[in-house]
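The next block holds one structure in the form of structure tokens; read it before the comments.
The values are calculated or read from the model by the stated rules, or taken from the named source; none is laboratory data. Keep in mind it's a predicted model, so treat the numbers as computed, not measured. Cβ coordinates were reconstructed from backbone atoms using ideal geometry, including for glycine residues, and neighbour counts include every protein chain displayed. Ligands, DNA and RNA are excluded from the accessible area calculation, which covers all protein heavy atoms including side chains. Shrake-Rupley method; radii C 1.70, N 1.55, O 1.52, S 1.80 Å.
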Amino acid sequence: MRSCEPLLFKNRRAEGPVFLEGYRKNGGYQGLEKALRGMSPADVREEVKASGLRGRGGAGFPTGVKWSFFPSDDAGEKYLVCNGDEMEPGTFKDRQLLLADPHHLLEGIIISCYALGIGTAYIFLRDAYRECAGNLERAIDEAAQAGLLGDDILGSGFSCEIHVHRSAGRYICGEETALLNSLEGLRPNPRSKPPFPAIKGLFGRPTALNNIETLANIPHIVTGGAAWYKSLALTEQGAGTKLYGLAGHLETPCCVEAPIGMPLGELIRDFGGGVWKNRSFKACLPGGASTPYLTAEHLDVALDYEPLEQVGTRLGTGGVVVFDDRTCMVAATLNLLRFFARESCGWCTPCRDGLPLVCWLLERLERGEGTREDLTMLQEQLSHINGRSFCALALGAMGPVDGLLRHFAEEVEDHIRMGRCPLQD
Amino acid sequence: MATLLSEKQIAQLKRRVKETPHPREMVLDVLHAIQDANGWVSDEGVELAAIVLGLSSLQVEEIATFYDKIYRRPVGRKVIHVCDSICCWSRGSEAIMLRLQQLLAIAPGETTADGMFTLLPTCCLGACGEAPALRIGRTLYGGVEPEQLEAILDKERAEVES
């Protein structure tokens, strides 16, 4: 069984969270010391860029490149916002990290603020993660007491404060510009881009936005160096490790840290315990609810950004959701689309009206009432909705529909031909 | 209106509003405080939040009605949120929801006659590794079997009554 020395989960213990003492005992805050004492902010940014780290929140944009658009050296108020909204179904990795080791995120945030010339950071946390918020608040107090946070950190002259912001539900808040509105106390509809948040973000000021897992990688890149970090991946182009969620029809659903580039089938077998009840693998979402399905023929694919794009899907959040051979993929897709339709913020027509239409079509198909015209209309929605909505929510929502029509066309046809769901007795 | 929060709580919130450079950012904190004290946010609650924050009622209302975890209608002593997203669905959340409806004799969106429980579906709770999951009040239950629900409800009821 192939595994890796954990980075982000190195302090994860069954007995509960590790706080400052435990975190420091195991090498915690050494990255911060190294950055503040021996590296310029530009050095840190270069190291992160060279590491090949890509955003772990779903979009997979290279973190160093994203940071290169940020006016790090400009004077004036700038913000870092950590996106901890984690509401993509199948995604529970950030929660696992915060339940185990809140200082890990804090160190990542403080180093990132130093690299980007930022004095104030917000952690935007979803409502369901109250326990995580408690862990973070305690960790922030501890870090401030120890001189790791606040004014003149470790005598370096660099100052930084971190605030925890608790949200109150709604998936759209994970969209970065909706998140900024939510944080400002405005109705969380997305904003138009440009201007991008790096130029005009929170309270109209330059804002860097990164996911929890992304930021928690930063201390390791600083400590171990870009070349070492990059070498942790199993693929040539990949970098680092990943927190994979393993859920759905598995014997042992769990969240594990494994190298980027881990083959899908190996991860499912070695960590997920294989498909439950001795059934066989039919399909999976490789990276959360918005990523098109993979099938049994894809079990050798490496869980890395490029290899997954080559087979028409995305690494997304790394939340793998497995379906066994008794699952109706029309029904699964309907469940996913009901989620997206309900969570649409209602701002733009393709999303607000298009997604309920897609649900209606899938309901008809699943009930055995669907016709060829319904199927054509469903196919048309891919081009009617994709690229026409205000933000990426609707595009993500159509991911499973795209996967359904590409990989399970015959199963969809069977619903029409038989006038019922072929997987129901 | 003052009964929604104590004088002390209102004074504390007002002080924080005064100290923070961007008071509007606190709108959810104030709404959470009102909801924690009253179970839900009434029209009077929206008005109180507006006064505390120095906003109009409309500015608060458009926030209060957006978030599904801010309740703008009365709810029971405990709200049951049953996750109906994909991982929980794949491991039996529909059976959980049906059993709860039977045990409580209410439909989703309703509150039991004794005012104890409100039953609501919710999207992913971030407990996909413990599916099917549900949340009652602040307690998360994972790996729930329909047969366990009666005991879970009894325990939650006893907590309120004790």
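Which residues among region A:222-254 fall inside the zone where the amide N is under 16 Å from a point 7 Å beyond the Cα of A:Glu306, along Cα→Cβ? Output list for this probe position: A:230-240. Springs between Cα atoms under 10 Å define the GNM used for chain A, and in it the highest mean-square fluctuation of A:Gly31, A:Gly60, A:Gly147 occurs at A:Gly147.
Assuming a ≥ b ≥ c are the square roots of the Cα gyration tensor eigenvalues, decide whether region A:150-282 counts as rounded (a/c under 1.5), prolate (otherwise, with a/b larger than b/c) or oblate.
oblate
Helix B:7-19 and the longest principal axis of the Cα set of chain B meet at an angle near 70°. Expressed as a whole number of Å, what is the distance separating the alpha-carbon centroids of region A:33-74 and region A:256-292? Between the Cα centres of region A:256-292 and region A:33-74 lies a distance of 30 Å. Sequence-distant contacts, meaning Cα pairs under 8 Å at least 6 residues apart, place the relative contact order of chain A at 16 percent.
Gyration tensor over the Cα atoms of chain A: the corresponding equivalent ellipsoid has semi-axes (square roots of 5 times the eigenvalues, largest first) of 39, 24, 18 Å. Using a Gaussian network model of chain A in which every pair of alpha carbons under 10 angstrom is joined by a spring, one finds that among A:Ala178, A:Ala198, A:Ala59 the greatest mean-square fluctuation is at A:Ala59. Residues A:Trp228, B:Trp89 ordered from highest to lowest accessible area at a 1.4 Å probe: A:Trp228, B:Trp89. Mean per-residue shielding of peptide B:125-137 is 6, counting Cβ atoms of other chains within 10 Å of each Cβ.
Seen through its C-alpha gyration tensor, with square-root eigenvalues sorted a ≥ b ≥ c, region A:130-196 comes out oblate because a/c lies at 1.5 or above while a/b is not bigger than b/c. Region B:1-66 and region A:187-210 have Cα centres separated by 25 Å.
The residue among B:Ala127, B:Gly143, B:Leu98 whose Cα reaches farthest toward the positive pole of the charge dipole of region B:78-161, with charges on the beta-carbon of Lys, Arg, Asp and Glu, is B:Ala127. With protein chains left intact and a 1.4 Å probe, residues in the protein assembly as shown average 39 Å² of accessible area per residue.
For region A:295-359, the list of GluC sites (Glu not before Pro) that fall in a loop by DSSP and count at most 13 other C-beta atoms within 10 angstrom is empty. For region A:52-172, the antiparallel share of DSSP beta bridges with both residues in that region comes to about 15%.
Given 20 °C and 1.002 mPa s, how large is the Stokes-Einstein diffusion coefficient of region A:367-425 in µm²/s, with Rh as the Kirkwood radius over Cα pairs?
173
For a label point 7 Å from the Cα of A:Gln145 along Cα→C-beta, name the residues of region A:1-44 whose backbone N is under 11 Å from it. Backbone N within reach: A:20-21. For A:Val65, the accessible surface of its heavy atoms amounts to roughly 50 Å² (probe 1.4 Å, protein chains only, rounded to the nearest 10). In the complete set of protein chains, residue-level accessible area for A:Thr313 is approximately 0 Å², probe 1.4 angstrom.
Among A:Ala394, A:Met418, A:Cys348, whose Cα projects farthest towards the positive end of the dipole of region A:329-418, with charges put on the beta-carbon of Lys, Arg (+1) and Asp, Glu (-1)? So the residue we want is A:Cys348. Here, P(r) means the percent of Cα pairs in each 10 Å bin from 0 to the largest distance; for region A:1-149 it is 10, 37, 40, 12, 1, 0. Computed with a 1.4 Å probe on the full set of protein chains, the accessible area for A:His220 sits at about 20 Å².
Screening chain A for whole DSSP H helices of 18 Å or more along their axis (Cα) with average Kyte-Doolittle hydropathy at least 0.0 returns A:102-116, A:212-224, A:329-343, A:354-367, A:392-407. Interface size, chains B and A: roughly 3500 Å² of accessible area buried, both sides included, 1.4 Å probe, rounded to the nearest 100. If the segment from B:Glu19 to B:Glu145 were pulled out straight at 0.36 nm per residue, it would be longer than the present Cα-Cα gap by 40.5 nm. In the protein assembly as shown, what % of DSSP beta bridges are antiparallel (nearest 5)? That works out to approximately 45 percent antiparallel. Ordered by 1.4 Å accessible area with all protein chains kept, B:Leu4, A:Leu361, A:Leu299 run largest first as A:Leu299, B:Leu4, A:Leu361. Of all DSSP bridge pairs formed entirely within chain B, close to 55 percent run antiparallel.
Per-atom-type breakdown for the protein assembly as shown gives carbon and sulfur 49% of the accessible area (1.4 Å probe, protein chains only).
Picking from A:Leu243, A:Asn278, A:Ala296, whose Cα lies most toward the positive end of the charge dipole for region A:241-324 (charges on Cβ: Lys, Arg +1; Asp, Glu -1)? Result: A:Asn278. In terms of accessible area, using a 1.4 Å probe and ignoring ligands and nucleic acids, B:Trp40, A:Trp276 rank largest first as B:Trp40, A:Trp276. Find how many whole Å separate the alpha carbon centroid of region B:122-162 from the alpha carbon centroid of region A:103-146. Answer, in whole Å: 29.
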